[in-house]
Amino acid sequence: MRNQIDEIVYDEETNRLSSELNELRQQMLILEQEKEQQAKIKERVNEIIQVLSLREDILEQFDDSLFNALVEKITILSPAHFVFTLESGMSIDEILD
């Protein structure tokens, strides 16, 4: 009887540890993906900083090459509501009055 109880306890503990290990592996995968995403964002921000630092003068009129270097896409939600998605991944809402 003692061996059966010990075996049952052993199996339950093994299953619990195996389940915990699988959960920790999944969490580690998620953290690695988040770290990779952050590295990509940092790289894009550095590219934006580099583009802006190359400008020697103050911007006095619209510069389409600068705009294209900074803005990845524009989403039009309504005729007066736009969302600018920058190359860094950041989004900026613009609502016209």
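The values are calculated or read from the model by the stated rules, or taken from the named source; none is laboratory data. None of the values given here were measured: they were computed from a predicted structure. Neighbour counts run over all protein chains shown; Cβ positions are idealised from the backbone, glycine included. These accessible areas exclude ligands, DNA and RNA; they are computed on the full protein's heavy atoms, side chains included. Shrake-Rupley method; radii C 1.70, N 1.55, O 1.52, S 1.80 Å.
With the contact rule set at Cα under 8 Å and sequence spacing of 6 or more, what percent relative contact order holds for segment 18-85? Intermediate values should be presented prior to the final figure.
Values: 21 pairs, mean separation 11.5, N = 68.
Once normalised by length, the contact order is 17 percent.
Once P(r) over Cα pairs in 10 Å bins from 0, in percent is worked out from the coordinates, which option in (i) 13, 23, 20, 13, 10, 9, 7, 4, 1; (ii) 14, 44, 27, 10, 4, 1; (iii) 17, 54, 26, 3 does it equal?
Of the listed options (i) 13, 23, 20, 13, 10, 9, 7, 4, 1; (ii) 14, 44, 27, 10, 4, 1; (iii) 17, 54, 26, 3, (i) comes from this structure.
Could you list the GluC sites (Glu not before Pro) in segment 42-97 that lie in coil according to DSSP, counting only those with at most 16 other Cβ atoms within 10 Å of their Cβ?
Working: sites: Glu43, Glu47, Glu56, Glu60, Glu72, Glu87, Glu94; in loops: Glu56, Glu60, Glu87.
Counting only loop positions with at most 16 other Cβ atoms within 10 Å, the GluC sites (Glu not before Pro) in segment 42-97 are Glu56, Glu60.
Most mobile of Arg16, Arg44, Arg25 per a Gaussian network model of the chain (Cα springs, under 10 Å)?
Arg16
Find the accessible area per residue for segment 1-58; the probe is 1.4 Å, ligands and nucleic acids are left out, and the unit is Å². Can you show the working numbers first?
On the way: 5720 Å² over 58 residues.
Value for segment 1-58: 99 Å² per residue.
Leaving out ligands, DNA and RNA, what percent of the accessible area of the chain is carbon and sulfur, probe 1.4 Å? Intermediate results must be reported in sequence, preceding the final value.
Working: 4770 of 8670 Å².
Of the solvent-accessible surface of the chain, carbon and sulfur hold 55 percent.
Taking 0.36 nm per intervening residue step and subtracting the Cα-Cα distance, what contour gain separates Leu31 from Asn15 on full extension? The partial results should precede the final answer.
Working: separation 16, 0.36 × 16 = 5.76 nm, distance 2.44 nm.
3.3 nm is the gain from fully extending Leu31 to Asn15.
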